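The values are calculated or read from the model by the stated rules, or taken from the named source; none is laboratory data. Worth saying up front: this structure is predicted, and the values here are computed from it rather than measured. Counting neighbours? That spans all protein chains shown, and the Cβs are built from the backbone with ideal geometry, glycine included. Please note that ligands, DNA and RNA were not included when accessible areas were found on the heavy atoms of the full protein model with its side chains. Shrake-Rupley method; radii C 1.70, N 1.55, O 1.52, S 1.80 Å.
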Amino acid sequence: MPKPVIGGVPRGEDLFGREELIENLWERLERDNVLLVAPRRFGKTGIMYHLLDYPQEGFRPIFINVEHILTAGDFMVELMAILLRDHHFARAVSSLWQGTKGFGRFLQNLPSSIDLGGIKVELREKTDVPEKWISYGERVMSLLSKEEPRLLLLLDEFAVMIDSISKRDSEEAKRLLHWFRSARIAPDTGTRFVIGGSINLISTLDAMRLVDTVNDLSVERLQPFALETAAAYVKAIFASRDIDLDSELADSILELVGEPVPYFLAVLLMAILDRQRAIGSPISADTIKAAFEEDLLGGATSVVFQHYRSRIDQYYPGREAQVARAILGMLSRAGRPVQHDTLYHIFLQTYRKPPSPQANDEFIQLMKKLDNDFYIVSRDGAYDFFSRVLKLWWKTHYGFQGE
Amino acid sequence: MTSHPIHSYRPQRTAPEDLEAIFVGREHLLEEMLGRLKDWTPGASRQHYLIIGPRGIGKTNLLTLIAHRIERSPELNAKWVPLAIAEDTYGITRISDLLIESVRILGDKTGESSIRKAYDRVRFDDNDARVTDLTLDAFRHFHKSSGRGIVLMVENLNRLLERQIKQKAEIHLLRKILIEEDWLITICTSPTYLNAVTQPEEPLFEFFKVQLLPELTQREQFEMLKKRAALEENIAFENYLSEFRSRLRALYHFTGGNPRLTLMLYDLVSKQDLSGVTMELDLLLDQITPFYQDRMKEIPEQQAKLLEAMALMPEGCTPTELAEQVRMAPNQVRALLTRLAQAGYVRAEERQLKKTVYIIPERFFRIWHQMNHSREVRGRIQYLLEFFASWYATREERDHISEQTVALLIKAFRDEAIGVRSSAAITTVHIVSERSMPDLAEGIDTVIKDLAHLPYDEAVEIARTLLRSAFRAANLNIVRGVLGAVTSHLSSEEILWAPYMIAAEYLQSERDPAILNRQHPEMREAVQLLVDAFDNHSAETDE
């Protein structure tokens, strides 16, 4: 039975409702490398861990969280160390130092007390991997390209690493990205890569004029749960606590949340369960409502939504931010999806432009951007907030501002 | 009676059995966390926790109990080793420092030679990367060989991440460790929300399951005192507790359900003969003063100025309002508020129309400031305290007053025959309200005039009873009549009648929230009791 995991990584059966996605990923990985894209808290890391924990035949996954890495040399040390610690790949990677003294001998006589950390220390201090990282990278990727099972490299928080490296040395970041791309597209390589990226990765690389370094990746955008999946998740969570939840109450939970973003759903379910345990009586509609209003909309989680708000100022330059806020404010107040024309009118008003084909194109670009960034969704020529919860929050806090 | 010292400020020094004996109100949270630890298997999800609550709310108690239960349970002890990083560890400025300290504690706790060796190897090493790698290896090796994971308990995470460690790269490293190291679960505490966890650009954004520790309810506070008395076999106090309960309920509005203050109250009341609620509050304030004074000395002057000003203002002020009060630039005030918030002394709250206000979440700290300020403010608190004491008076106390009230009313309305019962005051008011206005007004005025011949305290108490009864009878005419009469004949000090006046104004204005919003929380609670009584929502509870 699954348990909600707040903030951490759901493992095993706690990762719920992603079977189809994972099956698709494995299919894609037969041919392509994948860029997994979603806002924070959509479950990218959970999915990557699932690939790690339950590898498909023919693949041997290695997971690396690279958010702490500050140089390309550090990255290569991290990669080599983890490969050297893996029983299957160690032999191939060790061959780079075969017959050498120093590190070669170290690898031959590796005591059981030495784990990943000890290998990293040796690589940093006793080898030239940090300095000649490109050379080592090329050689190790070449060595592993024909391995069976195939190496599947799962890199989490890739965008953070690139950002950190580029702040210190933008040229090094470029070299790393180029090397990495060449490793991915090497002819006949069996190695595959899954990169976990936030929704800002593409725009970050675009700003660095390096978006072509990831144009080989097949993009997989994580979506919220399908409604049936969400319903099954709610049922399973309560069943794990031996609670037989009334179907009407279960429906009310889904209605409150709207678009079932897994994180919001998990937080709401935990809040309901916490309240139920505290008061000791069966779950009621009041319990659910209180959990929604106080714990999801109003509690610690409400800062999630503030992120959506502050992102506008950060990633939508100048007047575009003002227009975006005006459109979102309008959508938050609307009881139903708003027609394209109405929003276009707001666009023109805020920009103080007359209608024109060019203005229309700019409007469509903006709406696409808002869609890509998971603010809105388009259906049959009308637009609405992507998440009902976000919409409600937006309306409460910003819906009536004169934008 | 046996002695079982409870260390309010250092619960780690208290015998765990004693902490267990007085533990109230957090059982479900404790069970949930221990349940997760018990159910965990290698490769399963790990939940990291962040417990948030003001000082004295019981965060350290909770961690101490978790550690104790892990060590006491063979099943949990086989799976986990709790490691507690001391609350005031100022030497941690990098993740490598945290790891060194953790490995030291593990070595001390288990006596494992490999762990001790690892500590000796790294303790003077200034290469952070090497220290991190080698200590992590030591933990991994410990986990493999013993099959046990680590529950790392870190207090004051806000200070650790926002004042000591600070560098984002270090916090990214921490996050990586918490995600990847399968043997590690953290339970952290903080007096306040911290940017490191609430700001989306921060690495640890939403990384923890946040658990807000609420104040104890009145019932839980009473329960804690009972348990405390039982622990020391203090029969005298246990017997006294029922008598003390009404005053405890009154004090609750000023202490909040703060466990530390509750224990202090026990120490005071069980050891001294205290004659009333005012003395109890005074002594509690005395007791806490050195602690609060030290705290104020630690706070930089400009921030202390803000805190004091906030304590005196109605609760929930914007930076602009505060800037005006202290005659500083709003930008400067905002920056200072940010620092105060990071330290946990104030908290930002979103109110209606996206207005952000700042409050002092620790109620008694605010009361302490107010009591130090002026006689007028002290008077307001005292009168409020009396209001609550009167509200929660025992049945016997109310009966006594009611009899007097009834006697006065019989005299005033002459031809009414009224049965004398314990809730006679209500019955009396109902009968009176059926009379016409001129008679009613005259009758009330007569009653109150007569009260003036009684000793002052007694007269005021009877007047309060009448007012309460009028609210319970949902009769604003009588409320207005009594208020007018008491200010004419008893005391013109409006502060004495403030809760009733504000409640009347609120009800007359059709519940304009602005009237309540500009009050301190204690006054709002007093007004709410009257409004609830007016709405028939409150019952006269007999304890």
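Accessible-area loss of 50 Å² or more (1.4 Å probe, protein heavy atoms, chain alone versus all protein chains) is found in segment B:183-217 for B:Pro200, B:Glu201, B:Phe205, B:Glu206, B:Lys209.
Atom-type composition of the exposed protein surface of chain A places 48 percent of the accessible area on carbon and sulfur (1.4 angstrom probe). Interface residues of segment A:1-50, defined as a loss of at least 50 Å² in heavy-atom accessible area between the chain alone and the complex of all protein chains with a 1.4 Å probe, are A:Ile6, A:Arg11, A:Arg40.
Annotation: the antiparallel percentage among DSSP beta bridges lying fully within the protein assembly as shown is about 20. Site pair A:Gln98 and A:Val377 shows an inter-label distance of 5.5 nm when each label is modelled 7 Å from Cα along Cα→Cβ.
Stretching the chain fully between B:Asn127 and B:Arg163 yields a gain of 10.8 nm (0.36 nm per residue, less the alpha carbon separation). Taking every DSSP beta bridge that has both ends in segment B:26-212, the antiparallel portion is near 0%.
Each DSSP beta bridge with both residues in chain B is either parallel or antiparallel, and the antiparallel ones are about 20%.
Shown for segment B:163-180: residues covered by the partner protein chains by 30 Å² or more of accessible area relative to the chain by itself (probe radius 1.4 Å), namely B:Ala169, B:His172, B:Arg175, B:Lys176, B:Ile179, B:Glu180.
Give the A-B buried accessible area in Å², both sides summed, 1.4 Å probe, nearest 100.
3800 Å²
Where the alpha-carbon atoms of segment B:299-373 are placed on the principal axes, they occupy 33, 24, 22 Å, in descending order. For the protein assembly as shown, a crude dipole built from +1 on the beta carbon of Lys and Arg and -1 on the beta carbon of Asp and Glu, taken about the Cα centre, is about 2440 debye to the nearest 20.
Using a cutoff of 8 angstrom between alpha carbon atoms and counting only pairs six or more residues apart, the relative contact order for chain B works out to 13 percent.
Given their separation in residues at 0.36 nm each and the Cα-Cα distance between them, A:Leu21 and A:Lys353 gain 115.2 nm when the chain is fully extended.
When the alpha carbon gyration tensor of the protein assembly as shown is reduced to an equivalent ellipsoid, the three semi-axes, largest first, read 60, 35, 24 Å. Taking all protein chains into account, the per residue accessible area for segment B:233-317 stands at 42 Å² (1.4 Å probe). Just want the answer: with Cβ charges of +1 for Lys and Arg and -1 for Asp and Glu, which residue in B:Leu306, B:Phe23, B:Thr192 is farthest toward the dipole's positive end in chain B? After comparing all options, I get B:Thr192.
Taking DSSP loops as anything outside H, G, I, E and B, show the longest stretch in chain A free of trypsin sites (Lys or Arg not before Pro) there with at most 11 other beta carbons within 10 Å.
Working: sites that count: A:Lys101, A:Arg209, A:Arg352.
That would be A:210-351.
For the residues of B:133-142, the average number of beta carbons from a partner chain within 10 Å of their own beta carbon is 5. Highest mobility in the GNM of chain A, judged by mean-square fluctuation with C-alpha springs under 10 Å and restricted to A:Leu96, A:Leu254, A:Leu152, is found for A:Leu96.
Based on alpha-carbon atoms, the Kirkwood radius and the radius of gyration of chain A give Rg/Rh equal to 1.03. In the complete set of protein chains, residue-level accessible area for B:Lys38 is approximately 80 Å², probe 1.4 angstrom.
B:Ile299 to B:Thr110: FRET efficiency via 1/(1 + (r/R0)^6), r the Cβ-Cβ distance, R0 45 Å, to the nearest 0.05? Between B:Ile299 and B:Thr110 the formula returns 0.70. The angle between the Cα long axis of helix B:59-72 and the main principal axis of chain B comes to about 50°, on a 0 to 90 degree scale. Between B:Ile51 and B:Cys188, B:Thr189, B:Ser190, B:Gln211, the built amide H atoms are under 5 Å apart, and every one of these is 5 or more places off in sequence or on another chain.
Accessible surface for B:Trp80 stands near 0 Å², nearest 10, in the context of the full protein assembly shown (1.4 Å probe).
In segment B:218-294, Rg over Rh equals 0.94, where Rg is the alpha-carbon radius of gyration and Rh the Kirkwood radius from pairwise Cα distances. Computing the accessible area with a 1.4 Å probe over protein heavy atoms, can you report the carbon and sulfur percentage for chain B? Whole-percent figure for carbon plus sulfur exposure: 48. Between A:Gly118, A:Gly258, A:Gly329, the residue with the greatest mean-square fluctuation in the GNM of chain A (Cα pairs under 10 Å linked by springs) is A:Gly118.
Only protein heavy atoms count here; on that basis, with a 1.4 Å probe, B:Ser45 has an accessible area of about 10 Å². For segment B:84-147 versus segment A:101-155, the spacing of their alpha-carbon centroids is 25 Å. For segment A:227-297, taking the reciprocal of the average inverse distance between every pair of different Cα atoms yields a Kirkwood hydrodynamic radius of 11.8 Å.
Of the residues A:Leu96, A:Val194, A:Phe59, the one whose Cα sits farthest toward the positive end of the charge dipole of segment A:18-221, with +1 on the Cβ of Lys and Arg and -1 on the Cβ of Asp and Glu, is A:Leu96.
What chain A shows is 43 Å² of accessible area per residue, with the surface traced by a 1.4 Å probe over protein heavy atoms. Residues in segment B:101-110 carry Karplus couplings, in order, of 4, 5, 6, 5, 5, 5, x, 5, 6, 9 Hz; the curve used is 6.51 cos²θ - 1.76 cosθ + 1.60 with θ = phi - 60°, and Gly or Pro positions show x.
What separates the Cα centres of segment A:267-292 and segment A:355-375 is a distance of 41 Å.
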